[in-house]
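A.B. asks: One structure is given below, represented as structure tokens, and several questions about it will come after.
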Amino acid sequence: MEQSKSKRKWIVILFGVILLSGGLLRWGVLQPYLIPSPSMEPGIAPGDRILVNRLAYRLWAPTRGDIIVFAFPKDTKRTFVKRVIAVEGEKVELRDNKVFVNGQAIQEPYVKPGDYPPYGPQVVPKDKVFVLGDNRRQSEDSREWGLLPKSYLLGKAWFVYYPFQRVKFL
């Protein structure tokens with residue numbers, strides 16, 4: 001009888017530690033987000049649920065190709081998901097449905113095909129990034145509201161965890 005109570009006590013303690021650790025991890029490091037719009041198709045679709053590493057940009061700078069979650073500059077209560085196209089010091093230009101960084105066309109196998117208007121050239125200043133959605137025809141991004149201050153970055157998209165048939169690392 002005494003051994004049974006001791007065993008139950010340890011199971012309850014272990015379960016509590018697991019819940020506490022999971023909660024701290026979820027709210028401190030990994031944050032879930034629901035994708036509401038088609039702006040990142042085909043890689044991330046509306047209804048996808050992703051995990052975001054909230055420590056990523058506290059430890060290192062964003063790089064070209066990162067998928068980021070950030071506070072929308074026109075309404076910081078909203079969050080957006082986009083891809084970093086150019087970082088500080090780089091010159092970005094969109095023409096002929098291609099993106100050029102420092103005069104060189106970049107390879108973008110993740111982009112949904114379609115026409116989009118020209119932009120730039122513009123040099124990205126210190127502490128800002130230029131972001132675009134992968135679905136350029138249906139994306140509200142740096143072309144519309146300008147360069148994104150790094151201070152608005154909330155984290156780096158890391159993993160699609162739902163729906164299960166779309167599970168993948170980003």
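A.B. asks: Which residues, counting only those in the range 83-111, are open to solvent by less than 20 Å² (accessible area, probe 1.4 Å) and within 17 Å of Asp127 (Cβ to Cβ)?
C.D. replies: If the condition is that a residue be open to solvent by less than 20 Å² (accessible area, probe 1.4 Å) and within 17 Å of Asp127 (Cβ to Cβ), then Val84, Ile85, Ala86, Val92 are the ones that fit.
A.B. asks: Considering only residues that are hydrophobic (A, V, I, L, M, F, W, C) and touching a residue at least 24 places away in the same chain (Cβ under 8 Å), which ones fall in the range 148-170? Write out each step before concluding.
C.D. replies: Residues of the range 148-170 hydrophobic (A, V, I, L, M, F, W, C): 148, 153-154, 157-160, 164, 167, 169-170.
Residues satisfying the conditions are Leu148, Leu153, Leu154, Ala157, Trp158, Phe159, Val160, Leu170.
A.B. asks: Sticking with this one: Would you say Ser142 is surrounded by 17 or more Cβ atoms within 10 Å (Cβ to Cβ) and of a type in the set (Ser, Thr, Tyr)? It would help to see each step written out before you state the result.
C.D. replies: Details: surrounded by 17 or more Cβ atoms within 10 Å (Cβ to Cβ): yes; of a type in the set (Ser, Thr, Tyr): yes.
So Ser142 fits the description; yes.
A.B. asks: Can you list residue pairs whose Cβ atoms sit under 9 Å apart, with the first residue in the range 78-93 being of a type in the set (S, T, N, Q) and the second being open to solvent by 20 Å² or more (accessible area, probe 1.4 Å)? Count only pairs 6 or more apart in sequence or on different chains.
C.D. replies: Filtered contacts from the range 78-93: Thr79/Tyr33; Thr79/Leu154.
A.B. asks: Leu154 - would you say it is part of a strand (DSSP E or B), over 20 Å from Arg49 (Cβ atoms) and either of a type outside the set (S, T, N, Q) or at pLDDT below 95 (or both)?
C.D. replies: Working: part of a strand (DSSP E or B): yes; over 20 Å from Arg49 (Cβ atoms): no; either of a type outside the set (S, T, N, Q) or at pLDDT below 95 (or both): yes.
No; evaluated as a whole, the condition is false for this residue.
A.B. asks: Filter the range 68-81 down to the residues that are out of contact with any helix residue (DSSP H, G or I) (no Cβ under 7 Å at 6 or more places or on another chain) and either surrounded by 14 or more Cβ atoms within 10 Å (Cβ to Cβ) or of a type in the set (A, V, I, L, M, F, W, C) (or both) and list them by number.
C.D. replies: Answer for the range 68-81, where residues must be out of contact with any helix residue (DSSP H, G or I) (no Cβ under 7 Å at 6 or more places or on another chain) and either surrounded by 14 or more Cβ atoms within 10 Å (Cβ to Cβ) or of a type in the set (A, V, I, L, M, F, W, C) (or both): Ile68, Val69, Phe72, Thr79, Phe80.
A.B. asks: Give the residues of the range 145-170 that are over 21 Å from Glu108 (Cα atoms) and either crowded, with 19+ Cβ neighbours inside 10 Å or under 15 Å from the mean Cα position of the chain (by Cα) (or both), sorted by residue number.
C.D. replies: Pro149, Lys150, Ser151, Tyr152, Leu153, Leu154, Gly155, Tyr161
A.B. asks: Could you look through the range 28-45, keep only residues that are assigned to a loop (DSSP other than H, G, I, E, B) and without any contact (Cβ under 8 Å) to a residue 40 or more places away in the chain, and pick out the one that is nearest to Lys126 (Cα to Cα)? Full working, then the answer.
C.D. replies: So the first thing to find is which residues in the range 28-45 are assigned to a loop (DSSP other than H, G, I, E, B), and the list is 29, 35-37, 41-45.
Filter once more, keeping what is without any contact (Cβ under 8 Å) to a residue 40 or more places away in the chain: 29, 36.
Values: Val29: 26, Pro36: 30 Å.
Applying the filter and picking the extreme gives Val29.
A.B. asks: Out of the residues in the range 116-139 meeting the condition of being among the charged types (D, E, K, R) and touching a helix residue (DSSP H, G or I) at 6+ places or on another chain (Cβ under 7 Å), tell me which one is least open to solvent (accessible area, probe 1.4 Å).
C.D. replies: Asp134
The values are calculated or read from the model by the stated rules, or taken from the named source; none is laboratory data. All of these numbers come straight from a predicted model, not from anything done at the bench. Using ideal geometry, Cβ is built from the backbone for each residue, glycine included, and neighbour counts are taken over all protein chains shown. What goes into the accessible areas is simple: the full protein's heavy atoms, side chains included, and nothing from ligands, DNA or RNA. Shrake-Rupley method; radii C 1.70, N 1.55, O 1.52, S 1.80 Å.
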